[in-house]
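Enquirer: The following block contains the structure, expressed as structure tokens.
The values are calculated or read from the model by the stated rules, or taken from the named source; none is laboratory data. This structure is a prediction, so every number in the text was calculated from the model and none was measured. No Cβ is skipped: glycine too gets one built from the backbone with ideal geometry, and neighbour counts run over all protein chains shown. Please note that ligands, DNA and RNA were not included when accessible areas were found on the heavy atoms of the full protein model with its side chains. Shrake-Rupley method; radii C 1.70, N 1.55, O 1.52, S 1.80 Å.
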Amino acid sequence: MKSRATQRCTTRRKSRRAWSPAHAFMVLGLVIFASDAPGQTQETLPPPSVMKKLSVDELMDIDVTSVSKRPEKLSGTASAIQVITQEDIRRSGAASLPEALRLASNLEVAQVDSRQWAISARGFSSTTANKLLVLVDGRTVYTPLFSGVFWDAQDTLLEDVDRIEVISGPGATLWGANAVNGVVNIITKSAKDTQGLLVLGGGGTELRDFGGIRYGGTLSSNLYYRVYGKYFDRDSAVVPSGRDATNDWYKGQGGFRLDWDATEANLLTLQGDIYDGRIAQPGTAGDIAVAGGNVLGRWSHTVSEASDFKLQLYYDRTHRDIPGTFAEDLDTYDLDFQHRFPIGERNDIVWGLGYRLIEDDVGNTAALAFLPARLSRQWFSGFVQDEIALVRDRLHLTLGTKLEHNDYTGFEVQPSGRLAWNVTQHQTVWGAVSRAVRTPSRIDNDFFAPGNPPFTLLQGGTNFVSEELLAYELGYRIQPHPRLSLSLAAYYNDYDNLRSVEKVNPPAPFPIVIANGQEGESYGAELTAEYRVTDWWRLRAGYTELRIHVRAKPGSTDTSNGSGESHDPNHQVTVRSSWDLPGHLEFDAGFRYVSQIENQKVPAYEELEARLAWRPIPKLELSIVGQNLLHNHHPEFGALASRQEIERSVYGKVTWRF
């Protein structure tokens, strides 16, 4: 048997061998780099001062890239997509990425405690939700530990966010496994668009104190940079009695970005972040430590107005230590290449290749264990998609598929077909059929309890296979008046091989093993509306209806009916209003209604956010923000025995741009 040291050496040798595709890409790139071509595609939205003046017509005409990996008009996309702009974030008073995601009515966003969130699309919400893919500037932030997101580790200076594109529905054909029920793509501004000095700070009742600073400048005529740092200190949530839940926390983060317009056709980007935080735990256990960093490089080359390619490489390291539970060090290396080009006058092709290496090192405890503790996994992927203009500017068919290979289940195929019919200039009807999978995570395969044999409680699900989705979508988007737009998306999702908990020796309740003994379906609709009442008053509203039915497959001993996988409200309503008042004042208010989460007995609730801001001079903004104003504290998620509640809060903020 190989020693651990030998295994690690073997893993590292494999890692070095894996860079050979990168060398091939770089050689190809350097050859093309020398060629001349038209200028780069501009993917950054106009500045907030311009965005707030855009009409509904102009807002529907902004470019999005997450649906097809190429710029296309929001109004004509064959997908249920919503865009959260920098102006939306600023006027909402959101102080974190999860709070900003509340602005997308096609997402379920529930705050669990001071640091944890349950965020999902089209159901299957939990603190370990595993069917929503989240990216930051093309970097996947999901953890292979449970195929979800540690939201307490994801942050950036919100003033640097250009837009967040939120897709509800499968995106696996382009984005790969785990983009099952949706994709969230967080896109930050270029360094060129963040020049000068920005200083902000403030404090309040829950967000006790916070501050941030960013400076952007130039190193040469075409080389732009920015550096930033930020810090916050958050108070604990409370238990239902109102007692402190002892999970206050603080975190600091810094980073940089370089953008070099090397030539008219070549843009090079290098960016990175580093962070460190501590989260209190009740009792004698020490604080939870979260730390990490990433660095990403991207080369974008424009071949012609209809053709371009991108080569991206990133490294991401995360560290998490939960005293008494487990610790983890995770290293991710990811290489991605994509190329877009036309064939004739009717076909627009996008294809790409990808490689990912993940090295995971878990510190186990006597209570639970991930075995083996050290693990190296590889993913290989390729995709191709063709948008076919059946009738130019009127009827488009998009066909594509992604082929992936992972170490757990081997090859996975994820095809889709989408049809968009532009009935008139202001009406689009679209439909889609897609297959997506959620590949196994470590918690599906390698999780044991207690931490040493015999595993009398939980035995790892070594036979776990991918969860499967076959999705049917139909949508309609219309702008009946220059000041009004409406969008409706309906869907039916058919799931198979959903995660279950099976008794090893029934009817004995323990031990149990994780398997694929559940199936089910979900269906629902998402309605959004935007109305510019006047030039100074903007209204937005959203409504979602969701039904999920999960059941045990024949032979399964799981009787949970999905209660371990899905905790979702059937109805959500959001309304937001933004007023521009005289005297350089702004007043914003947001109302949300969330129906009960039946299988957790979380009652329905209504909440209100409000923001009042004053700009005495263009460079200075003073604002006060109230969150969860309708209740002293209220629950949003979690079983009663362990539930925590979210308190009413107020904070003030000063923002100064030089």
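Enquirer: Conditions first: (1) among the small types (Gly, Ala, Ser); (2) surrounded by fewer than 21 Cβ atoms within 10 Å (Cβ to Cβ); (3) closer than 27 Å to residue 655 by Cβ. Residue 242 passes all but one, so which condition is the exception?
Expert: It fails just one condition, (3).
Enquirer: Restricting to segment 429-445, and then to whatever is open to solvent by 10 Å² or more (accessible area, probe 1.4 Å) and modelled with pLDDT of 95 or more, can you tell me which residue is farthest from residue 383 (Cα to Cα)?
Expert: 429
Enquirer: Would you check which residues across segment 135-172 are open to solvent by less than 10 Å² (accessible area, probe 1.4 Å), farther than 18 Å from residue 377 by Cβ and hydroxyl-bearing (Ser, Thr, Tyr) and list them?
Expert: Within segment 135-172, just 168 meets the criteria.
Enquirer: In addition: If you check 146, 256, which single one turns out to be over 30 Å from residue 435 (Cα atoms), of a type in the set (Phe, Trp, Tyr) and either out of contact with any strand residue (DSSP E or B) (no Cβ under 6 Å at 6 or more places or on another chain) or assigned to a strand (DSSP E or B) (or both)?
Expert: Selected residue: 256, the only one of 146, 256 that is over 30 Å from residue 435 (Cα atoms), of a type in the set (Phe, Trp, Tyr) and either out of contact with any strand residue (DSSP E or B) (no Cβ under 6 Å at 6 or more places or on another chain) or assigned to a strand (DSSP E or B) (or both).
Enquirer: Please verify whether segment 375-383 includes one or more residues that are among the polar types (S, T, N, Q) and open to solvent by 70 Å² or more (accessible area, probe 1.4 Å).
Expert: No, that holds for no residue.
Enquirer: Is it fair to say residue 425 is within 23 Å of residue 526 (Cα to Cα), among the polar types (S, T, N, Q) and without any contact (Cβ under 8 Å) to a residue 12 or more places away in the chain?
Expert: yes
Enquirer: Taking strands (runs of 3 or more DSSP E) that fall entirely within segment 581-644, which contain at least 2 residues that are closer than 17 Å to residue 204 by Cα and touching a strand residue (DSSP E or B) at 6+ places or on another chain (Cβ under 7 Å)?
Expert: In segment 581-644, 605-617, 620-627 are the strands (runs of 3 or more DSSP E) which contain 2 or more residues that are closer than 17 Å to residue 204 by Cα and touching a strand residue (DSSP E or B) at 6+ places or on another chain (Cβ under 7 Å).
Enquirer: Next up: Among residues belonging to segment 351-369 that are among the aliphatic types (A, V, I, L, M) and either crowded, with 17+ Cβ neighbours inside 10 Å or at pLDDT 95 or above (or both), point out the one that is nearest to residue 401 (Cα to Cα).
Expert: Among them, the one singled out is 353.
Enquirer: Kindly list the number of the only condition in (1) touching a residue at least 12 places away in the same chain (Cβ under 8 Å); (2) within 30 Å of residue 622 (Cα to Cα); (3) assigned to a strand (DSSP E or B) that fails for residue 109.
Expert: (1) is the only condition that residue 109 fails.
Enquirer: Can you say whether residue 462 is under 29 Å from residue 366 (Cα atoms) and open to solvent by 70 Å² or more (accessible area, probe 1.4 Å), as far as the supplied structure shows?
Expert: It is true that residue 462 is under 29 Å from residue 366 (Cα atoms) and open to solvent by 70 Å² or more (accessible area, probe 1.4 Å).
Enquirer: Enumerate the pairs (first residue in segment 315-332 and open to solvent by 20 Å² or more (accessible area, probe 1.4 Å); second residue anywhere and outside any strand (DSSP E or B) and among the aliphatic types (A, V, I, L, M)) with beta-carbon separation below 6 Å, excluding pairs fewer than 6 apart on the same chain, so at least 6 apart or on different chains.
Expert: Taking only residues 6 or more apart or on different chains, the pairs are 323/285; 324/285.
Results for (1) over 30 Å from residue 73 (Cα atoms); (2) free of Cβ contacts under 8 Å to residues at least 12 places away in the same chain; (3) in contact with a Lys or Arg (Cβ under 9 Å, 6 or more places away or on another chain), shown as yes or no for each residue.
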residue	(1), (2), (3)
431	no, no, yes
441	yes, no, no
450	yes, no, no
462	yes, no, no
478	no, no, no
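Enquirer: With respect to the numbered conditions (1) out of contact with any helix residue (DSSP H, G or I) (no Cβ under 9 Å at 6 or more places or on another chain); (2) surrounded by 22 or more Cβ atoms within 10 Å (Cβ to Cβ); (3) not in a helix (DSSP H, G or I), which one is the sole condition not fulfilled by residue 70?
Expert: (2)
Enquirer: Does residue 275 satisfy the criteria of being open to solvent by 40 Å² or more (accessible area, probe 1.4 Å), part of a strand (DSSP E or B) and at pLDDT 95 or above?
Expert: no
Enquirer: Looking for whichever is of a type outside the set (Asp, Glu) and over 13 Å from the mean Cα position of the chain (by Cα) here; the options are 150, 124. Which one fits?
Expert: After ruling out the rest, the residue left standing is 124.
Enquirer: Open to solvent by less than 50 Å² (accessible area, probe 1.4 Å) and either out of contact with any helix residue (DSSP H, G or I) (no Cβ under 8 Å at 6 or more places or on another chain) or not hydroxyl-bearing (Ser, Thr, Tyr) (or both), is that true of residue 568?
Expert: yes
Enquirer: Here's something else I'd like to know. Among the residues of segment 571-591, what is the count of those that are buried (at least 20 other Cβ atoms within 10 Å of the Cβ) and not polar (S, T, N, Q)?
Expert: Total meeting the criteria: 3.
Enquirer: Let me ask something additional. So which residues in segment 605-630 are in contact with a Pro (Cβ under 9 Å, 6 or more places away or on another chain) and open to solvent by 50 Å² or more (accessible area, probe 1.4 Å)?
Expert: Residue satisfying the conditions is 622 alone.
Enquirer: Something else about it: Residue check: is residue 127 more than 21 Å from residue 595 (Cα to Cα) and either open to solvent by 10 Å² or more (accessible area, probe 1.4 Å) or part of a loop (DSSP other than H, G, I, E, B) (or both)?
Expert: Against the criterion (more than 21 Å from residue 595 (Cα to Cα) and either open to solvent by 10 Å² or more (accessible area, probe 1.4 Å) or part of a loop (DSSP other than H, G, I, E, B) (or both)), residue 127 does not qualify.
Enquirer: Hey, which of the strands (runs of 3 or more DSSP E) in segment 169-223, taking only ones fully inside, have at least 3 residues that are free of Cβ contacts under 8 Å to residues at least 24 places away in the same chain?
Expert: Strands (runs of 3 or more DSSP E) meeting the threshold: 207-220.
Enquirer: Let me ask another. In segment 465-497, which residues are among the charged types (D, E, K, R) and crowded, with 19+ Cβ neighbours inside 10 Å?
Expert: 467, 468, 473, 477
Enquirer: Residue under question is residue 177, and the condition is that it be modelled with pLDDT of 95 or more and of a type outside the set (Lys, Arg); does it hold?
Expert: no
Enquirer: Continuing with this model, one more query. Would you mention how many residues in segment 204-213 are under 9 Å from residue 229 (Cβ atoms) and open to solvent by less than 20 Å² (accessible area, probe 1.4 Å)?
Expert: Residues meeting the conditions: 1.
Enquirer: I need the full set of residues from segment 173-199 which are open to solvent by 10 Å² or more (accessible area, probe 1.4 Å), of a type in the set (A, V, I, L, M, F, W, C) and under 21 Å from residue 98 (Cβ atoms), in order please.
Expert: 175, 187
Enquirer: Tally the residues that are among the acidic types (Asp, Glu), surrounded by fewer than 20 Cβ atoms within 10 Å (Cβ to Cβ) and in a strand (DSSP E or B), restricting the search to segment 259-272.
Expert: Within segment 259-272, residues that are among the acidic types (Asp, Glu), surrounded by fewer than 20 Cβ atoms within 10 Å (Cβ to Cβ) and in a strand (DSSP E or B) number 1.
Enquirer: Take residue 577 and decide whether it is of a type in the set (S, T, N, Q) and closer than 26 Å to residue 166 by Cα.
Expert: yes
A quick yes/no check of all residues on (1) surrounded by fewer than 22 Cβ atoms within 10 Å (Cβ to Cβ); (2) on the phi > 0 side of the Ramachandran plot; (3) at pLDDT 95 or above; (4) of a type in the set (A, V, I, L, M):
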| residue | (1), (2), (3), (4) |
| --- | --- |
| 510 | yes, no, no, no |
| 519 | yes, no, yes, no |
| 529 | yes, no, yes, yes |
| 535 | yes, no, no, no |
| 542 | no, no, yes, no |
| 547 | yes, no, yes, no |
| 550 | no, no, yes, yes |
| 560 | yes, no, no, no |
